[in-house]
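Presented below is the structure to which this report refers.
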């Protein structure tokens, strides 16, 4: 063993880039992923109603 640690060393000049990567991947990139998921969650009730009506022949009225 040589006593060196595994991995690459980080210079202090790399910290702003590291912070930018964390911000972009952790905050900005999640918005396009969350938006379609919220739309699908809003359609869950309608999909359940359609499945009950079409597959199980449930009565759909007031």
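The values are calculated or read from the model by the stated rules, or taken from the named source; none is laboratory data. The shown structure was predicted, so the numbers you read here are calculated from the model rather than taken from an experiment. Don't worry about glycine lacking a Cβ; one is built from the backbone with ideal geometry, like all the others, and counts go over all protein chains shown.
Contact map, region 9-36: residues that are on the phi > 0 side of the Ramachandran plot paired with residues that are part of a helix (DSSP H, G or I) and at pLDDT 85 or above, Cβ distance under 8 Å, separation 6+ or inter-chain. No pairs are found. On the basis of being under 29 Å from the mean Cα position of the chain (by Cα), outside any helix (DSSP H, G or I) and either modelled with pLDDT of 90 or more or exposed (fewer than 10 other Cβ atoms within 10 Å of the Cβ) (or both), does residue 7 make the cut? Answer is yes for this residue.
Within 27 Å of the chain's Cα centre (by Cα), in a helix (DSSP H, G or I), modelled with pLDDT of 90 or more and surrounded by fewer than 10 Cβ atoms within 10 Å (Cβ to Cβ): which single residue out of 32, 16 fits that description?
Selected residue: 16, the only one of 32, 16 that is within 27 Å of the chain's Cα centre (by Cα), in a helix (DSSP H, G or I), modelled with pLDDT of 90 or more and surrounded by fewer than 10 Cβ atoms within 10 Å (Cβ to Cβ).
Within region 43-53, take every residue that is part of a helix (DSSP H, G or I) and surrounded by 10 or more Cβ atoms within 10 Å (Cβ to Cβ) and give me the one that is nearest to the chain's Cα centre (by Cα). That would be 47.
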